[in-house]
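Novice: Below you will find the structure I want to go over with you.
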Amino acid sequence: MHETTRLRRLPWDEDGRAAFVSPGDGFVNRLANAIEVEIIETARNDARRALALAGDPSVSRAELQVAVRYLASAVQDAALVADLRGERLPAVAEGLEDLTVDEPLWGGASRCVGQALGQDRGQAGGQADTGADRPDTEADSSGQR
């Protein structure tokens with residue numbers, strides 16, 4: 001039995017159908033990487049603009065509606081990039097066999113994904129994971145988790 005290679009789904013389609021390429025460092029893969037980076041940066045810019053508009057009392061309803069449309073599109077595109085990058089993770093990581101798509105990643109599952117990405121998920125943004133923002137931890141009487 002020979003080993004098969006999973007195809008990479010690209011961040012664009014061809015005639016409404018998903019487009020794929022063999023993994024590697026070729027031109028199409030580099031182009032797809034650049035487009036994914038551009039999609040994320042556009043989403044960040046749209047989020048900054050929407051927040052600025054939301055804080056401006058002189059903004060019209062029409063301007064806010066346009067901002068919401070741009071922001072919704074950016075969120076959809078960023079979610080696509082997340083899906084595409086998730087598809088490129090190893091098919092089965094230890095501890096993730098029974099994980100459902102709608103389940104948040106905490107603890108061991110988060111570490112497995114971090115290891116698959118080549119990153120240490122024990123710290124996020126330079127801060128230790130205290131569990132304070134996890135829905136599965138209970139606050140004590142002082143309001144602390």
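The values are calculated or read from the model by the stated rules, or taken from the named source; none is laboratory data. Predicted model only: the values in this text are computed from it and were never measured. FYI the Cβ positions are ideal-geometry reconstructions off the backbone, even for glycines, and counts take in every protein chain you see. Heads up: the accessible areas ignore ligands, DNA and RNA and are worked out on the full protein's heavy atoms, side chains in. Shrake-Rupley method; radii C 1.70, N 1.55, O 1.52, S 1.80 Å.
Novice: So, in nm, how far is label V59 from label S22 when the simple model puts each one 7 Å beyond its Cα toward the Cβ?
Specialist: 4.8 nm
Novice: Please list, ordered by chain and number, the residues whose modelled amide H lies under 5 Å from the amide H of F20; skip anything fewer than 5 residues away on the same chain.
Specialist: Under 5 Å from the amide H of F20: L10.
Novice: Determine the order of R49, R88 by accessible area, beginning with the largest, at a probe radius of 1.4 Å.
Specialist: Heavy-atom accessible area, descending, gives R49, R88.
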